[in-house]
Amino acid sequence: MQTPSRRTFLKSSAVLAASLPFARLPLGAAEPATGKPAPVPSGSRGLLFDPSDLPRIRANLELPRCAEMRTTLQNVDFAAETKFLREEMRLNNHVADFMRVWKTVQNSAFAYTVWGDRQHLDLALLALSRMCDYTRWDYFLEGGKDTIGLQRAPESTIAAVYALDWLGAAVPADLVKRVESKIVTEGAPACYRTLYGLKYPDRVKGWGFDPEDDYPQAYRVSLARWPLILNATNLKIIPTCGLGLAALWFHGRHPDAAKWLQLSRQSAQAFSTMYGSDGSYDEGVGYWGYTTSHLAMIAEGIYRRLGIDDRKLINYPGTIRYALAMAMPCGGGKIADPKLNTTYNATPKGNYDPAQDVVNFCDAGVGMDVSVAGWVGASANDPLSSYVAGHIGSIRLLQGVVWYRPEAPQQPPTAAEQDVRLSNDWVISRTGWAPADTVVAFRSGGPANHEHADRNSVILKAHGERLFHDPFRAGYSFTTPQWLLRLTEAHTAVLINGKGHQYHNGSEGTNASWAEARVTDYRTGNGWMTVTSDATDAYALVLPDTTLVTRTLVFLKPDVLLILDRVQLKSAAPVQVRFQVFNDDGKGRPTASGQSFGIDRPLASVRGTLAATGKVSAATGRLDLPESVGVFPFVEAVSASATAHELLTACTTASAGDPHGTLTVTREGTAWRVTGTHAAQKINVTIRTTDPVPVITIS
């Protein structure tokens, strides 16, 4: 039998949809993305799972690995949620209230389907009904009148479609009609309008906030360039998923379903280029989990319903390895976010669990959701992804509970995964994934949405503690004091005469800057890693006298880190190198005297020795933020005013109470030499600086 072309398929689907609007028909086969006939799932399959999967899902929810989702689904105050839905929810509040409604729809529909608890069914049906009471499903408009769906509209569309799919005949016919009407008149069109605008930004009539929504005026930014900006951000893939699932739900029943599906698949294909060839993702690992799970959700739905295989749009096994590289579990106890349940405008919000810590470049968060790893392990037959699903980060989405396969073959990471230069020029080197292991993370590379002004910044974790820190809770709006936490001065990085590299003013949101850095040399060997990154261009954008800013790291595993900063200027100025202290629990203690410094945490410490071509000294300080925001201490090394600076910091780490060895730094002609012993490890390193990329000899 001849396989129809994709064009023929879409055309015939549109004809069928136009002739049979809203008829509930079994779904037929479609052409796989490869163009070759392939086994096609039954049209009656669920969008996410089948009834035959329920015993496995129930068993997953009993496992410690899925405890977070089990708690979310079971620890529900039905009286309070019912009262909220009936009496308290605000129809002009989408950020908090509408999100609470759609989450109730999805979670309670899932919980009833899995466990058959009538209370969850009643709550899901009430939430579905109340969701339809919202005139708009998002708080952004095009041309001042038409809803565009960036988060709430696609999220609610996904929740509504899933709920109808899971609950089936348990939803009264009149409510089904009402929900479906709302999807086809508000949810799906809002998603379509967004994706169309991202595809054709010159055709957008102007995006802006809904004036009737109560989103605070102080946090409203200019959306004039958002059709250009958002095309390369996570906010594209959420409407892509919402529109695609709506298309699948109405496939063969609504005249626009084929059009929705086409644009959804085109958008997913276009967005796939936001991932590196190795699966790396520039917005940080926090947004990676959210984004990649939605990309998988629509790919899985399309495959299950239509047999079209979009499950290889990105390097999925590679992107799980990216997540693995960003994992950084620490020791100690949890630290509560004091503003978790307030309107605190910062990111990320959430309690800090050291066991879930991550390399938090950008707005990465205080943990990592690896829900998608189980799906990748199964669909790509990748044992390492299955290992990540079971042992790295956490499962925070109900989709992850469905996808988790504890019986799947697992392959723990090997030494080959311990030293990584990602395609976006982020470098992570480690001794392992246990809390006591050492991790050195180096942020080179280019700009991205949700980034910070952090080129050439370093995170150092050892013996269970963050020792060189990248602060959490950066302001999401430039009108808040916490915006400072996005800037270079709040990172373990270089300042020139007290100033950092280029960053935008936040008037358009947390979009990308123009700051570029690039790795110019990267090497690894048995027990060591070296890397050099050039951030000259990023600093020269705002400090035109700058002609060179490079940083070189020499990591001698497990406890010695050398940092060489080279700065050249047209006119003399001082250079500062900051080392940020993790102090969210008030237990970070910096000390400094002359050419040495220390940072002490309850479980570990770091000691640093400074040397420079000119005069250098260290002192302690704290970021200029009100104590109500937090206390953010740092150590600052100052290289006296000059046109050429070379500042070498030799660091050792140790468990709390353990001694530090002595490292001696000397200048020998045009080279630095570091010698000494620490924790029975003999150190003999020469760094020659006659060339743009230092020549390093490790003896």
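The values are calculated or read from the model by the stated rules, or taken from the named source; none is laboratory data. Since the structure is predicted, the reported quantities are computational estimates derived from the model, not experimental observations. Note that we place each Cβ from the backbone using ideal geometry, even for glycine, and neighbour counts take in every protein chain shown. Accessible surface is based on the protein model in full, side chains and every heavy atom, while ligands, DNA and RNA are left aside. Shrake-Rupley method; radii C 1.70, N 1.55, O 1.52, S 1.80 Å.
Descriptive notes on the structure:
- Here segment 100-149 is treated as an ellipsoid with the same Cα gyration tensor; its semi-axes, largest first and in whole Å, are 29, 10, 6.
- The charge dipole of the chain, taken about the Cα centre with unit charges on the Cβ atoms of Lys, Arg (+1) and Asp, Glu (-1), comes to about 900 debye, rounded to the nearest 20.
- Normalising by residue count, segment 303-414 has a Cα convex hull of 141 Å³ per residue.
- Remark: the chain carries 37 Å² of accessible area per residue (probe radius 1.4 Å; ligands, DNA and RNA excluded).
- Efficiency of FRET from Cβ geometry, Ala671 and Asp624, R₀ 35 Å, rounded to 0.05: 0.35
- Remark: spin-label model distance Leu91-Ala679 equals 6.2 nm, labels positioned 7 Å along the Cα→Cβ axis.
- Out-of-range pairs (alpha-carbon distance over 32 Å; input Lys145/Lys177; Lys349/Lys461; Lys349/Lys615): Lys349/Lys615
- Heavy atoms of Lys587: accessible area, 1.4 Å probe, square angstrom to 10: 120 Å²
- With DNA, RNA and ligands ignored, accessible area of Tyr387 (1.4 Å probe; Å², nearest 10): 50 Å²
- Cα-based equivalent ellipsoid of segment 584-666: semi-axis lengths in Å, sorted from largest, via gyration tensor: 24, 20, 7
- Positive dipole terminus of segment 212-274, leading residue within Trp260, Ala246, Ala270 (C-beta point charges): Ala270
- Note on segment 557-699: percent of Cα-Cα distances in each 10 Å bin, starting at 0 and stopping at the bin with the largest distance, equals 11, 37, 34, 15, 2.
- Quick note on the chain: its Rg to Rh ratio, both from C-alpha atoms and Rh being the Kirkwood radius, is 1.00.
- A Förster distance of 56 Å, applied to the separation of the beta-carbon atoms of Ala218 and Gln411, puts the FRET efficiency at 0.65.
- Pairwise Cα distances in segment 195-308 exceed 25 Å for 31 percent of all pairs.
- Summing Cβ point charges (Lys, Arg +1; Asp, Glu -1) relative to the Cα centre of segment 190-250 gives a dipole of roughly 340 debye.
- Convex hull volume of the C-alpha atoms in segment 112-198, normalised per residue: 88 Å³.
- Förster radius 45 Å - calculated FRET efficiency between Ala656 and Ala173, Cβ distance, rounded to 0.05: 0.10
- Computed over the chain, the per-residue total of -39500 (n - 2.57) for DSSP H runs of n ≥ 4 gives a 222 nm mean residue ellipticity of -8500 deg cm²/dmol, rounded to 500.
- Carbon plus sulfur fraction of accessible area for the chain, probe 1.4 Å, in percent: 51 percent
- For segment 467-615, diffusion coefficient by Stokes-Einstein and Kirkwood Rh (Cα), 4 °C, 1.567 mPa s, µm²/s: 76 µm²/s
- Using alpha-carbon coordinates, inclination of helix 6-19 to the longest axis of the chain, degrees: 40 degrees
- Each 5 Å bin from zero holds the following percent of Cα-Cα pairs in segment 195-242: 5, 19, 25, 22, 21, 8, 0.
- For the chain, the residue among Pro659, Leu128, Thr546 whose Cα projects farthest onto the positive side of the dipole built from Cβ charges is Leu128.
- log10 of Debye I(q)/I(0), alpha-carbon scatterers only, for segment 214-281 at 0.16, 0.22, 0.26 Å⁻¹: -0.70, -0.92, -1.05
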